[in-house]
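Input: a single structure, listed below in structure tokens.
FYI, it's all coordinate maths here, none of it is from the lab. From a predicted model like this one, the values you see are computed outputs, not experimental measurements.
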Amino acid sequence: MIIIFFGPPGAGKGTQALLIAKKLNIPHLSTGDILRKKLLDTDDLSQKLKKIMDSGNLVSDNILNKIVGDRLIRSDCNNGFILDGYPRTIIQNNFLINFLKNNKLSVSLIIDLKVSESTIITRIKARSNKESRGDDKLSIIKTRISKYLEETKPLSDYYSSNHLKNYHLINGNQKIEMIERDIEKIAKNKDFH
Ligand code: ADP
């Protein structure tokens, strides 16, 4: 089972992706988490990545496609996987579509979390108090939101028109449990247990 999560920063993709990954016992691939782990290194690449991420910009497609390509061929992805934060651009989406085609796989479910800008700001403020992520400053949020609207929103629009049966827009302004319940309902209808 292959699930893609879409939604703006602060939509709760990571929280929900993790919950469903545990339920289905398949890996949760968060490109944000993978990149943040890389920042712990002290090489030149990690310095470069930190600058890009802290400014709210996107890391290059080549780096992301390599990270995801290497990860998806590992055996724990054989029964499926959950993508959280990828694809974020057309080039990444083309890479993914190609990968799936070459491996005779298809996307089972696309979950798009819709949230208002005020919810995004409230949540990111709360997260910046707890986690101290370099990109969770209010001044950076605007850049992240506009990157999302310019680069990533067209991809969820693509999936909503081309994968109508598997695409689900969910109200991400709700409490965690309510969003979880909505996703579970969809998963049940698809016989995912
Ligand atoms: P968000 O809460 O903004 O969705 P993430 O944890 O998914 O945050 O990502 C944090 C940062 O990591 C992004 O702002 C970006 O710089 C980088 N990043 C994560 N995934 C990608 C991707 N697929 N392509 C380019 N950059 C990415």
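Sorted into 10 angstrom bins from 0, the C-alpha pair distances of region 21-166 split as 10, 37, 38, 15, 1 percent. With a threshold of 28 Å on the Cα-Cα distance, the over-threshold entries among Lys38/Lys137; Lys51/Lys101; Lys51/Lys104 are Lys51/Lys101; Lys51/Lys104.
Starting from the Kirkwood Rh over alpha-carbon pairs, what translational D in µm² s⁻¹ does region 117-165 have by Stokes-Einstein at 10 °C and 1.306 mPa s? Translational diffusion coefficient: 130 µm²/s. Run the reach check for Lys153 against lysines, Cα to Cα strictly under 18 Å, same-chain hits fewer than 8 apart removed. What comes back? Correct list for Lys153: Lys13, Lys114, Lys142.
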